[in-house]
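**Q** Mind looking over this structure? Questions follow.
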Number of protein chains: 2
Amino acid sequence: MDEVRRINRELVHKGAVVDFYTDTMEFANGHTAKWDYIEHKGAAAVVAVTDEGKILMVRQYRNALERYTLEIPAGSLDRVGEPKIDCAFRELEEETGFRAGTLEPLLMLNTTVAFCNELIGIFVAKDLIPSRQHLDEDEFVDVYAYELEELLDMIYSQKITDGKTVAALLAYKVKYAS
Amino acid sequence: MDEVRRINRELVHKGAVVDFYTDTMEFANGHTAKWDYIEHKGAAAVVAVTDEGKILMVRQYRNALERYTLEIPAGSLDRVGEPKIDCAFRELEEETGFRAGTLEPLLMLNTTVAFCNELIGIFVAKDLIPSRQHLDEDEFVDVYAYELEELLDMIYSQKITDGKTVAALLAYKVKYAS
């Protein structure tokens, strides 16, 4: 950490889910530069495996991409420091209507290391128990169950591009199904 | 796209690499809400495989995480619309000092679909040709070569958490090495 160090951090804008800061960085040669920093509370996501070995996926419209995506169930922490496994359990039930009988850690992912601190805890859920979907007012999500191999084909044909979903499904494949 | 639609987008701040917008969304029930939107030019990243089958990795300090990370070589597009394969070729050479003899597409990843449009094109580079590392003034990167299996262990033990790196190495494993 001698090559570059942060000498200032200034809040530019508090957003709905992320806050934007401008960092002033100083380099070993004495030059300085302004870098972007986006602060995020953190999140959790779930590879939910049915008793038949299928994976639960959610389809929703993503404003940032201006299209629908197919993703594993996920959501942001309620607050900084909420245990990620609690968030995973809650978001799985809210989005899919299934409770996890078991939740095992699979991966920790930093989504965008160049400018954001977001960290997603990814879990594998099994022994699913039917419950009830209860979405937020501004959430509209359809739930589907897919064979893992079908999802892998969708990754390599670029039909699934969501980073956490790609990483999680491949990690599940390599750890449990190869 | 009937459940939710964007009725306004306002630029809040132009950053060094990303721009922050506030979107006004309208829901089917007539309610509205402010959502964050971060605009990014796009990026490319490379799984660079040596003739011995090792993978080139870069170690660098990440201000957003306040720690060093181990990642595959990557960088942002020079401009919106730059072909991602050109960016991949350039960033590989700049960061590692190796030119790609061949570059094959592997994945397309949206890093953070909830609030950012960033799309990373990930390629596999082979037939590497020694050249010269030439970093930007504010880049400090060390290069290492690892066995794939060693990197997979680092993913599952949470020593590697960078999303694009996790997805790319697992995708390479499943497609080429399992």
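**Q** For peptide A:100-113, how many partner chain Cβ atoms fall within 10 Å of a residue's Cβ, on average? Kindly include the intermediate steps, with their values, before the conclusion.
**A** Numbers: counts 0, 0, 0, 0, 0, 2, 2, 9, 8, 11, 14, 12, 13, 15.
Going residue by residue through A:100-113 and averaging, the value is 6.
**Q** Filter the trypsin sites (Lys or Arg not before Pro) in segment B:99-171 down to the DSSP loop ones having no more than 11 other Cβ atoms within 10 Å, then list what survives.
**A** Values: sites: B:99, B:126, B:132, B:159, B:164; in loops: B:132, B:159.
In loop regions of segment B:99-171 (DSSP not H, G, I, E or B), the sparsely surrounded trypsin sites (Lys or Arg not before Pro) are B:132.
**Q** Which values, in whole Å and largest first, are the semi-axes of the equivalent ellipsoid of chain B obtained as the square root of 5 times each eigenvalue of the Cα gyration tensor? Walk me through the numbers on the way to the answer.
**A** Working: eigenvalues 228, 65, 48 Å².
Equivalent-ellipsoid dimensions as semi-axes: 34, 18, 16 Å.
**Q** Here is a further query. Can you work out the FRET efficiency for the pair residue A:133 and residue A:176, with r the C-beta to C-beta distance and R0 = 35 Å, to the nearest 0.05?
**A** Working from the Cβ atoms, E equals 0.85.
**Q** Give a residue-ordered list of calculated ³J(HN,Hα) values for segment A:59-75 (Karplus: 6.51 cos²θ - 1.76 cosθ + 1.60, θ = phi - 60°; whole Hz; x for Gly, Pro).
**A** For segment A:59-75, the Karplus curve yields 10, 8, 7, 10, 4, 5, 9, 6, 6, 7, 10, 10, 9, 6, x, 6, x Hz.
**Q** May I pose another question? Would you order B:124, A:4, B:12 from fewest to most other beta-carbon atoms within 10 Å of each residue's own beta-carbon?
**A** Working: B:124 22, A:4 18, B:12 15.
Lowest count first: B:12, A:4, B:124.
**Q** Quick one: A:131, A:157, fewest Cβ neighbours within 10 Å first, how do they rank?
**A** Working: A:131 14, A:157 9.
Ordered from fewest to most neighbouring Cβ atoms within 10 Å, A:131, A:157 come out as A:157, A:131.
**Q** Could you please rank A:7, A:38, A:55, A:120, placing first whichever residue has the fewest other Cβ atoms within 10 Å of its Cβ?
**A** Fewest-to-most Cβ neighbours within 10 Å comes out as A:7, A:55, A:38, A:120.
**Q** In this model, which of A:84/B:84; A:164/B:54; A:173/B:84; A:84/B:175; B:126/B:159 are farther than 32 Å apart at the alpha-carbon?
**A** On the way: A:84/B:84 34 Å; A:164/B:54 25 Å; A:173/B:84 27 Å; A:84/B:175 30 Å; B:126/B:159 25 Å.
Distance filter (> 32 Å) returns A:84/B:84.
**Q** Other chains' Cβ within 10 Å of B:15-24 residues: what's the mean? If you can, show how the numbers build up before the last one.
**A** On the way: counts 10, 9, 4, 7, 2, 8, 2, 3, 3, 0.
What the average comes to for B:15-24 is 5.
**Q** Kirkwood-based Rg over Rh for segment B:26-128 (C-alpha set), two decimals? Display every interim value, and only then the final one.
**A** Numbers: Rg = 16.9 Å, Rh = 15.2 Å.
Radius of gyration relative to Kirkwood radius: 1.11.
**Q** Using amide H atoms built in the peptide plane, which far-off residues or other-chain residues are under 5 Å from residue B:42 H to H?
**A** B:77, B:119
**Q** Could I ask something else about it? When the helices in chain B are scored as -39500 (n - 2.57) per DSSP H run of 4 or longer and the sum is shared across all residues, what 222 nm value do you end up with, to the nearest 500 deg cm²/dmol? The partial results should precede the final answer.
**A** Details: 3 runs with 36 residues, N = 178.
Using -39500 (n - 2.57) per qualifying helix, the result is -6500 deg cm²/dmol.
**Q** Between segment A:1-33 and segment B:104-178, how many Å separate their Cα centres?
**A** First find each Cα centre; the distance between them is then 25 Å.
**Q** Tell me the relative contact order for segment B:15-88 as a rounded percent, counting alpha carbon contacts under 8 Å between residues six or more apart.
**A** Numbers: 104 pairs, mean separation 19.3, N = 74.
Once divided by the residue count of segment B:15-88, the mean separation gives 26 percent.
**Q** Quick check: convex hull of the Cα atoms in segment B:103-178, volume per residue, rounded to a whole Å³?
**A** Working: hull volume 11.2 nm³, N = 76.
Expressed per residue, the convex hull around the Cα atoms of segment B:103-178 is 148 Å³.
**Q** Modelled label-to-label distance, residue A:7 and residue A:34, 7 Å Cα→beta-carbon offset: nm?
**A** Going from the residue A:7 label point to the residue A:34 one covers 1.6 nm.
**Q** Moving on. What is the percent of Cα-Cα separations in segment A:23-72 that go past 15 Å?
**A** Numbers: 871 of 1225 pairs.
For segment A:23-72, the share of Cα pairs beyond 15 Å comes to 71 percent.
**Q** Going toward the positive end of the dipole of segment A:1-119, with +1 on Lys and Arg Cβ and -1 on Asp and Glu Cβ, which of A:16, A:58, A:87 do you reach last?
**A** Projecting each Cα onto the dipole axis, the largest value belongs to A:16.
**Q** For chain A, what's the relative contact order in percent, using C-alpha pairs closer than 8 Å and at least 6 residues apart?
**A** Normalised by residue count, the contact order of chain A is 21 percent.
**Q** Between the label point of residue A:67 and that of the same position in each other copy, find the distances and list them shortest first in nm, with every label point placed 7 Å from Cα along the Cα-to-C-beta direction.
**A** 3.4
**Q** Using a 10 Å cut-off on Cβ to Cβ distances, tally the other chain neighbours for every residue of A:136-145 and report the average as a whole number. Don't jump to the answer; show the numbers that get you there.
**A** On the way: counts 0, 4, 9, 3, 6, 1, 0, 0, 0, 0.
That works out to 2 on average.
**Q** Would you list the P(r) distribution for the protein assembly as shown, with all Cα-Cα distances sorted into 10 Å bins from 0 and each bin expressed as a whole %?
**A** Calculated P(r), rounded to whole percents: 5, 24, 34, 25, 10, 1, 0.
**Q** About its Cα centre, how strong a charge dipole does chain B have in debye, to the nearest 20, once Lys and Arg get +1 and Asp and Glu get -1 at the Cβ?
**A** Details: 20 positive and 32 negative charges, 60 e Å.
The dipole magnitude comes to about 280 debye.
**Q** Between 0 and 90 degrees, rounded to the nearest ten: what's the tilt of helix B:84-96 against the longest Cα principal axis of chain B?
**A** 50 degrees
**Q** Inter-copy label distances at residue A:5, 7 Å along the Cα→beta-carbon direction, one decimal in nm, shortest first?
**A** Between copies, matching label points for residue A:5 lie 5.4 nm apart.
Taken together, the values in this text are just the output of simple stated rules run on the coordinates, not laboratory data. Only a predicted model underlies this, so the values are computations on that prediction, with no experimental measurement involved. Note: ideal-geometry Cβ built from the backbone for every residue, glycine included; neighbour counts use all protein chains shown.
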